[in-house]
Every structure is written in structure tokens, then in C-alpha cells.
Amino acid sequence: MPRRYDPERRRRIIDAAIRVAGRDGLAGLSHRSVAVEADVPLGSTTYHFATLDDLLVAALCQTNEGFAGVLGASGVLRDTDGDLATGLARVLGQWLGGDRPGVELEYELYLAALRRPALRPVAAQWTEETAERLAERVDPVTARALLALMDGICLQVLLTGGSYDEECAREALARLIP
């Protein structure tokens with residue numbers, strides 16, 4: 001039987017892994033559960049991703065695009081005349097108010113790097129790239145502080161199930177910006 005050419009299979013497997021992890025948590029993620037979700041043979045998942053960590057790395061890379069996309073689309077970093085604190089607070093509100101399960105999964109994968117060393121370079125790369133983007137408007141130390149504060153705000157909202165207070169976030173962010 002000839003091998004079927006399927007150039008999108010790898011991407012479908014990653015998408016399926018994200019759906020499984022979003023629905024069942026990382027504990028519910030396995031090559032088998034992803035194969036079922038992607039409607040591909042089990043061998044396809046292990047062909048493209050030899051280990052579960054390989055699959056998680058690919059999923060984290062893809063989910064990291066979520067916040068970066070919202071930040072980029074906002075134009076807040078290009079608007080040098082605009083109020084950066086107001087813009088960043090608005091971006092956080094848009095991100096948290098958008099695809100909530102996607103945001104939760106992005107943080108779950110990001111925090112999984114604590115126990116899964118294979119994820120650490122991806123988490124570190126996201127942190128570096130986001131800090132560099134923020135450093136287009138502020139000095140590098142302030143950029144790191146802003147990123148840490150935004151992470152903290154997001155984690156508090158996600159972990160407590162509370163609502164996002166854009167004005168409170170704006171005020172906190174403004175305190176860090178010279």
C-alpha cells in the first residue's frame with residue numbers, strides 16, 4: 001500500500017495535542033489520546049514526536065503565539081506617542097477576555113517547564129522575545145519588570161477565577177514605567 005502524502009499531519013497532531021491538553025489537562029495527554037483526537041494512526045504521532053516532551057514542546061511553541069499575536073496586533077509597541085501602561089493593560093484585557101481556555105493552556109504549558117526541562121528553552125525563548133519587544137519602548141530592566149508584572153496579573157486572574165481589572169493593571173504598570 002503506498003504511503004499517503006499528508007503535509008498537514010504534523011500540524012494536525014499539534015492542534016489535537018492542544019485540544020486534548022485544553023480539555024483534559026496535561027495529565028490526559030498521551031500519544032494515544034492525541035492520535036484519536038487527530039484521527040491519525042498512533043504511529044504518526046510517534047513518528048513526528050518521538051517523546052511526549054517533543055509533542056509538548058511543539059504545543060508550547062504554537063500556543064506561545066497567542067499573547068505575541070495580541071500584543072503585535074495591538075500596535076501598542078509601535079505607538080511611541082501612546083500611553084504604554086494604558087496600551088499594555090488593554091492588551092492584557094483583550095488576551096484574558098478572548099479564548100480563555102487557550103490562555104489557561106498557554107500558562108499550563110509554560111508552567112509545565114518547572115517539571116519538564118525540555119520545555120524550559122521554549123519558555124525562556126518566549127520570555128526573551130517578549131522582553132525584547134517591550135524594550136522597544138522602555139529600557140531592558142523595565143521591560144523585564146513589566147513582563148513579570150503582566151505574568152503575575154494574568155496568573156492571579158487565571159488562578160483565582162477573578163475578573164480582570166484593567167484600571168488596576170494600568171496603574172500598576174504605570175508605576176514601573178519611567
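The values are calculated or read from the model by the stated rules, or taken from the named source; none is laboratory data. Just so you know, these numbers come straight off a predicted model, no measurement behind them. Backbone-built Cβ (ideal geometry, glycine too); neighbour counts: all protein chains shown. The accessibility values were calculated without ligands, DNA or RNA, using every heavy atom of the protein model including side chains. Shrake-Rupley method; radii C 1.70, N 1.55, O 1.52, S 1.80 Å.
Miscellaneous remarks
- Segment 103-178, accessible surface, carbon-and-sulfur percent (1.4 angstrom probe): 55
- Per-residue Karplus couplings for segment 139-147, computed as 6.51 cos²θ - 1.76 cosθ + 1.60 with θ equal to phi - 60°, are listed in order as 5, x, 5, 5, 4, 5, 5, 4, 4 Hz, Gly and Pro entered as x.
- Per residue Cα convex hull volume in Å³ - calculated over segment 12-54: 54
- Distance between segment 117-133 and segment 137-174 - C-alpha centres, whole angstrom: 18
- Note on segment 27-93: the C-alpha convex hull projects to 6.2 nm² when averaged across all orientations.
- Placing dummy labels 7 Å off each Cα toward the beta-carbon, the span from GLU8 to VAL141 is 5.0 nm.
- Each residue of segment 66-80 is assigned a 3J(HN,Hα), and the resulting list reads x, 5, 4, x, 5, 4, x, 5, 5, x, 4, 7, 8, 7, 5 Hz, derived from the Karplus form 6.51 cos²θ - 1.76 cosθ + 1.60 (θ = phi - 60°), x at Gly and Pro.
- Taking the square roots of five times each eigenvalue of the Cα gyration tensor of segment 111-167, the equivalent ellipsoid has semi-axes of 21, 20, 7 Å, listed largest first.
- ³J(HN,Hα), Karplus 6.51/-1.76/1.60, whole Hz, each residue of segment 117-126, x for Gly, Pro: x, 5, 7, 4, x, 5, 5, 5, 4, 4
- Sorted largest first, the spans of the alpha carbon positions of the chain along the three principal axes are 65, 31, 27 Å.
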